[in-house]
There are 2 protein chains.
Amino acid sequence: MKKALGIDIGGTKLVYAIIGENGEFLSEIKKIPTPRTADAIFEQLKSLAKEFEKEVDVIAMASAGAVNRENTRVCSSTPNLPEGYNKLDFSLLSDKKVFVENDANAAAWAEYKLGAAKGCDFSLIITLGTGIGAGVINEGKLVRGKSGAALEVGSMKISADRQRKCTCHRYDCWESYGSGTGLQTTAREFAKKSPEFANSLLNSKNPDELTTYDVVDGVKAGDAFSKKVFDLWQDHIYTGLVSLVDIFDPECVVISGGMGEFIDISALEAKVNAELVVPPMKLKLAQMKNNAGMVGAALLALGV
Amino acid sequence: MKKALGIDIGGTKLVYAIIGENGEFLSEIKKIPTPRTADAIFEQLKSLAKEFEKEVDVIAMASAGAVNRENTRVCSSTPNLPEGYNKLDFSLLSDKKVFVENDANAAAWAEYKLGAAKGCDFSLIITLGTGIGAGVINEGKLVRGKSGAALEVGSMKISADRQRKCTCHRYDCWESYGSGTGLQTTAREFAKKSPEFANSLLNSKNPDELTTYDVVDGVKAGDAFSKKVFDLWQDHIYTGLVSLVDIFDPECVVISGGMGEFIDISALEAKVNAELVVPPMKLKLAQMKNNAGMVGAALLALGV
């Protein structure tokens, strides 16, 4: 049985383990801090590849950013990784086969092969976290686009009116409303204009310092202001999701990422299905946890 | 060489001709009115199939609506065709192979095989007319989705605020802003609230009776009000287009349909490329004319 060294390249840490053809971990999962320069990241990855090259058949990485069609480098900008990162040629890391895939695509592949989308050859997997990512399986294959940059759904515009500036400099990106960061922005904006904030459990806080966690805690405590903010956020997710389901016509949609667990899945499923051109789709929570990216990259690299 | 009877099933007319493997017309292009009931449409198609069955190898149809994966019936509602149309089983029309494809998908295939997207294995083709349709070629194949209903981009929401009700009953569909009908709605809304309408060449008209043609004529005559409405319309097209290009990462985007010719292609191309996560894409005007749907359906049915 073939084995991969799976590596998840995050903004703060590199996570790695040896992974088998069934997605199983054949070693401990280890974490080290992500080096601060692109060159240092390259050297660190090279040293990991060297350390494991006798034990594995391929080096498989999941990374933020759009990955080229050859799966050898990242070709978009990556705000959470050092400058020059998108100049690195990962194929030079090792004499073994080296394979890199966008983390959302890789996680989508893991959900398709082993998780909530198992058996669904038409699936859309959305990652809701600090940002929004997505991957699509169409006829059992990842949709990657001409340069591997497809499914940049975080940049989908949910307004034509330049209402909210996104951290990416564009306006009205879905991500600026539907991500965790988006929920926080909505809370801060709403606190300043809504009279309900005065009666909120959160009213001792500075509106400009409200966080996603404050809102989530407020909802749990039955706070009406928090509930309104949360409903606005779910509406924003709904708005983008309806569009994507009409665009891809998937059998199932999987919600993953840290913010996913807060969503009322059955309510959102019913609301989306009521609007689709051709319903239904099945909405599910992801089954793969944090390591979906490296598992998916490993499976893709191993040809599974 | 194999031949297809190509039929375009429109809300007002059926257009048909014999088409060869290179997309060439091997007969006159004929038009007859679309019968007023689903059953009468079926009988009409059956009689056409009978008339040509000795001359052709397949019966190929392009139709509005989402077409099932077997390419035998329409599985969505089709507002411009009679009730019951989506219950028809086209496979029963003839003993010859019968093939039906969504008209936007079929037109996209024709542009890919013979027109402006020739050679581009990653293409997005947008049809701007009374409504908005689209087809995507990814790795040289049409993206169809689980039930052939993918690329219902007209329903993509470009606002989360329930600003404009679409003819399809949903709110804020891209189609309700970016289509010809959308331009007309924008003109009527804007005439009622903009002081510029008083000085417009169109000011003798009732705002509620303004048409797309009035605006297009106004732009040609240098009318400032018309120009503003037209720019709003182009902004609406831009908003949806940026999202779709980030979603599919195509090499080239082709604009077809009756409204396409009014667009400033190079300005729109530059504006979209300035916003993409991974630019560039090439924006082009369609080369295939009105019969792209039936030609594309014929090529698909013939396996070309």
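Just so it is clear, none of the values below were taken in a lab; they were calculated from the coordinates. What you see is a predicted model; the values in this text were computed from it and never measured. Using ideal geometry, Cβ is built from the backbone for each residue, glycine included, and neighbour counts are taken over all protein chains shown.
So here's what we get for this one:
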item	result
Simple label model, 7 Å out from Cα along Cβ direction - B:N206 to A:D217, nm	6.0 nm
Dipole moment magnitude, nearest 20 debye, the stretch B:1-113 about Cα centre, only Lys, Arg, Asp, Glu C-beta charged	100 debye
Selected from A:D231, A:D161, A:D223 as most flexible by GNM, with chain A as the system and alpha-carbon contacts under 10 Å	A:D161
Cα centroid of the stretch B:251-290 to Cα centroid of the stretch B:1-66, whole Å	30 Å
Of all chain A residues, the one whose C-beta is nearest the axis that brings A onto B, in angstrom	A:S159, 3
Nearby aspartates and glutamates by direct alpha-carbon distance to B:K31 (threshold 13 angstrom, same-chain neighbours under 8 apart not counted)	B:D8
Chain B, relative contact order [Cα under 8 Å, separation at least 6], %	21 percent
Helix A:38-52 axis, angle to chain A major axis (alpha carbon atoms, nearest 10°)	50 degrees
Kirkwood hydrodynamic radius of the stretch B:1-60, Cα pairs, Å	11.8 Å
Exam field: B:N199 pseudo-label spacings to other copies (7 Å along Cα-Cβ), nanometres	4.9
Cα centroid of the stretch B:137-183 to Cα centroid of the stretch A:142-179, whole Å	17 Å
In degrees, nearest ten, helix B:103-114 long axis to first principal axis of chain B (Cα)	80 degrees
Inter-chain shielding of B:246-255 (mean C-beta neighbours from other protein chains, 10 Å cut-off)	6
Helix-only [θ]222 nm of chain B, DSSP H runs n ≥ 4, -39500 (n - 2.57) each, per residue, nearest 500	-10000 deg cm²/dmol
Dimensions in Å of the protein assembly as shown - Rg and Dmax from alpha carbons	25.8, 82
Crossing angle, helix B:292-301 versus chain B [Cα axis fit, 0-90 degrees, rounded to tens]	40 degrees
DSSP bridge orientation in the protein assembly as shown - percent antiparallel, rounded to nearest 5	50 percent
Net charge dipole size for the protein assembly as shown [Lys, Arg +1 and Asp, Glu -1 on Cβ; Debye, nearest 20]	40 debye
Nearby lysines by direct alpha-carbon distance to A:K2 (threshold 18 angstrom, same-chain neighbours under 8 apart not counted)	A:K50, A:K54, A:K96, A:K97, A:K113
Dipole-positive endmost among B:G260, B:L276, B:G154 within the stretch B:119-286 (Cβ charges, Cα centre)	B:G154
The stretch B:119-286: proportion of alpha-carbon pairs further apart than 25 angstrom, %	33 percent
Other-copy label distances relative to A:D57, 7 angstrom Cα-Cβ extension, nm	4.1
Fluctuation leader among B:A198, B:A286, B:A17 - chain B, Gaussian network, Cα springs under 10 angstrom	B:A198
Spread of Cα-to-Cα distances over 10 Å intervals beginning at zero, given as percent, for chain A	6, 27, 32, 23, 11, 2, 0
Over 21 Å (Cα to Cα) - which of A:K146/B:K141; A:K192/B:K193; B:K3/B:K46 fall in this group	A:K192/B:K193
